[in-house]
Amino acid sequence: MLIAVTRPVSQSLAHCELTHLSRESIDVALAAAQHAAYERLLSSLGAALVRVPAAHELPDAVFIEDTAVVLDEVAVLARPGAPSRRGESAAVAQALAKYRPVLCMKPPATLDGGDVLRLGRCLYVGRSSRTDQQGIEQLESLVAPFDYRVVPVEFTGCLHLKSAVTAVANGLLLLNPDWISAAAFPTCEAIAIDDREPHGANALEIAGVVIHPSQFPRTRDRLVQCGLRVASVDCSELAKAEGAVTCCSLTFETSSAATQTVRTDA
Ligand code: GLY
């Protein structure tokens with residue numbers, strides 16, 4: 001079964017972290033409505049929703065992807081790079097522990113899940129203002145026993161690696177070539193975003209459908225022309241908080257190896 005773990009939009013969203021964007025007024029009620037539509041879309045694609053309780057005192061809690069990296073065998077609880085976001089992790093660990101053994105990253109390493117792009121058994125990890133060298137090395141040592149390889153990659157211009165590049169099908173990426181080079185992914189083909197839509201590279205592939213922000217219709221057309229099925233969602237208010245479609249869920253298949261264990265000694 002496909003699981004999508006989500007967390008409600010916090011009432012304090014307007015106080016979110018911002019790195020590459022200027023602060024704009026955010027309509028929190030509209031953001032919540034857009035998030036609800038996103039959840040409905042996930043459900044319609046066959047995902048069972050698991051909602052972590054709201055944390056209204058944590059402005060960025062809706063961007064749950066940054067708190068963990070969920071693999072087939074294990075979940076790694078990240079240590080987010082922004083100190084304001086570190087309180088998000090504990091409740092996410094509780095939710096994930098129903099499905100995977102949870103390994104916890106330790107200070108001072110930092111890593112945001114939005115910087116981790118999984119392609120098969122390879123985890124491409126963006127070096128960013130949120131993910132440091134120790135975070136990359138710690139992730140590498142935590143996942144090596146499960147036969148995953150970690151490849152650090154460089155990018156510029158945006159908050160997370162997955163703002164610059166995401167996977168839209170097996171062996172097929174959507175990327176912004178101004179922010180990351182396709183040469184970093186030698187085994188994949190790549191579709192470039194329309195250059196009038198620099199934030200259009202964040203897409204979430206679920207059950208053969210590419211969820212993509214409706215603010216970027218020209219890039220959507222490119223996906224459709226490549227034969228992909230696209231479902232557009234309006235996430236304009238979440239975009240003002242430097243979020244998009246991957247960051248609002250943690251998606252994974254349930255595993256027979258699921259346990260109730262949270263391990264902090266790895
Ligand atoms: N506002 C999203 C983040 O900076 O983590």
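Okay, here's what the table says:
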read-out	value
Selected residue (only one of 55, 33 is more than 16 Å from the ligand (Cβ to nearest atom) and either within 29 Å of residue 121 (Cβ to Cβ) or of a type outside the set (Ser, Thr, Tyr) (or both))	33
Verdict on residue 135 being modelled with pLDDT of 95 or more and in a loop (DSSP other than H, G, I, E, B)	no
Any hit, segment 245-254, residues being at pLDDT 95 or above, within 25 Å of residue 9 (Cβ to Cβ), part of a loop (DSSP other than H, G, I, E, B) and of a type in the set (Gly, Ala, Ser)	yes
Given (1) open to solvent by 40 Å² or more (accessible area, probe 1.4 Å); (2) over 15 Å from the mean Cα position of the chain (by Cα); (3) at negative phi, number of the condition residue 46 does not satisfy	(3)
Breaking point among (1) within 14 Å of the ligand (Cβ to nearest atom); (2) touching a Gly at 6+ places or on another chain (Cβ under 8 Å); (3) not in a helix (DSSP H, G or I), for residue 24	(2)
Meets criteria (more than 12 Å from the ligand (Cβ to nearest atom) and either in a helix (DSSP H, G or I) or farther than 29 Å from residue 120 by Cβ (or both)) for residue 4	no
Single residue of segment 128-166 satisfying the filter (charged (D, E, K, R) and within 16 Å of the ligand (Cβ to nearest atom)) that is most open to solvent (accessible area, probe 1.4 Å)	132
Filter result for the condition that a residue is over 28 Å from residue 209 (Cα atoms), open to solvent by 30 Å² or more (accessible area, probe 1.4 Å) and either at pLDDT 95 or above or outside any loop (DSSP other than H, G, I, E, B) (or both), over 108, 53, 59	108
Tally, over segment 154-195, of residues that are touching a helix residue (DSSP H, G or I) at 6+ places or on another chain (Cβ under 9 Å) and aromatic (Phe, Trp, Tyr)	2
Qualifying positions in segment 90-105 - touching a Ser or Thr at 6+ places or on another chain (Cβ under 7 Å) and open to solvent by 10 Å² or more (accessible area, probe 1.4 Å)	99, 101, 104
Residue in segment 182-191 that is touching a Phe, Trp or Tyr at 6+ places or on another chain (Cβ under 8 Å), under 14 Å from residue 126 (Cα atoms), in a strand (DSSP E or B) and at pLDDT 95 or above present	no
Residues that are open to solvent by less than 50 Å² (accessible area, probe 1.4 Å) and near the ligand (Cβ under 9 Å from one of its atoms), drawn from segment 63-88	63, 66, 80, 81, 82, 85
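The values are calculated or read from the model by the stated rules, or taken from the named source; none is laboratory data. In this text the structure is predicted, and so the values were computed from the model without any measurement. Cβ coordinates were reconstructed from backbone atoms using ideal geometry, including for glycine residues, and neighbour counts include every protein chain displayed. Surface areas here come from the heavy atoms of the whole protein model, side chains and all, with no ligands, DNA or RNA. Shrake-Rupley method; radii C 1.70, N 1.55, O 1.52, S 1.80 Å.
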